[in-house]
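The structure appears below as structure tokens.
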Amino acid sequence: MTLTDTHAHLHFKDFEGDTDQTLARARENGVRVVLSVGTQLECSRQAVAFAEKHDNVYAAVGCHPHDSKDFREEDYEAFKQLTRHPKVVGIGEVGLDFFRNLSPRDWQEKVFRKFIQLHKESGLPLILHIRDAHAETFRILEEEVGSRVCGVLHCFSGDMAALEKASAMGLWISFAGNITYKKNTYLQGILPHVHKDKILTETDSPFLPPEGFRGKRNEPAFVRATAMHMAAILDISLDDFAALTSRNAQELFGWPLDGERPAA
Ligand SMILES: [Zn+2]
Ligand SMILES: [Zn+2]
């Protein structure tokens, strides 16, 4: 079985001293590829350094909307340098969070547009963190990119209208552990409407552990629990679901499906 965790923060302090064991547990649970995602410049550098050290771990670089207030103009060049690293496969996480509003909205938008620029310059897909801002996000993407966009809505939280718009734009849709929560019938109802070739799995480790692991630190191995839940909703086997979502992830991020290092 080949499961994929398309969104984790394995380079965070939460995993310090435990990364080898964490990756071993992931492998034991069938997880072959993990994408470690940056949230600001220093964090993105750490994600790249981490990916460099571990086979089957890739990195994304970006500035989280929460951290956009700290983005400096001169950081752009540093981010651009990072995108040239062979293990960097995405721009993220970037986007808009109008739910928590930890950075002013105009700053979030300004920084988001910068990273869309970087997406266009690098050709790397966007990893989008969007909360309570789907309409604004689609408007900005249309202005900056056009009607088709290469990227993923990570930890999807939108409604059916948002899903339809995202699908029309060609975006991938990624689900995290919160789809397994008993009360989350809403997300469970959305999943069957996502085009099969666009469904992705993620943990968002160390956050959002799935049902059965709540209250614990989340880790890539637990993507299996989320995948089991999603496969059951779609009424397909875990093996088929794992193969499908790993193929989808490979299509978006371009890493080898077996998780081997690409030949240089
Ligand atoms: Zn996020
Ligand atoms: Zn995240």
Among the residues of the stretch 12-38, how many are of a type in the set (S, T, N, Q) and loosely packed, with under 13 Cβ neighbours inside 10 Å?
1
Kindly provide the set of residues from the stretch 89-103 that are out of contact with any Lys or Arg (no Cβ under 6 Å at 6 or more places or on another chain), over 18 Å from Ala135 (Cβ atoms) and open to solvent by less than 60 Å² (accessible area, probe 1.4 Å), ordered by number.
Val89, Gly90, Ile91, Gly92, Glu93
Could you please find all residues in the stretch 225-255 being in contact (Cβ under 8 Å) with a residue 24 or more places away in the chain and of a type in the set (Val, Ile, Thr)?
Thr226, Ile233, Thr245
Criterion violated by Pro86 - all others in (1) over 24 Å from Thr4 (Cβ atoms); (2) open to solvent by 30 Å² or more (accessible area, probe 1.4 Å) satisfied:
(1)
With the condition kept exactly as written, say whether any residue in the stretch 124-131 is assigned to a helix (DSSP H, G or I) and either within 16 Å of ligand 1 (Cβ to nearest atom) or surrounded by fewer than 17 Cβ atoms within 10 Å (Cβ to Cβ) (or both).
no
Give the residues of the stretch 120-164 that are under 18 Å from Pro192 (Cβ atoms) and in contact with a Phe, Trp or Tyr (Cβ under 7 Å, 6 or more places away or on another chain), sorted by residue number.
Phe156
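The values are calculated or read from the model by the stated rules, or taken from the named source; none is laboratory data. Every value quoted in this text rests on a predicted model; they were computed, and no experiment measured them. As a convention, Cβ positions derive from the backbone with ideal geometry for all residues, glycine included, and neighbour counts pool all protein chains shown. In case anyone asks, the SASA skips ligands and DNA or RNA and just uses the protein heavy atoms, side chains included. Shrake-Rupley method; radii C 1.70, N 1.55, O 1.52, S 1.80 Å.
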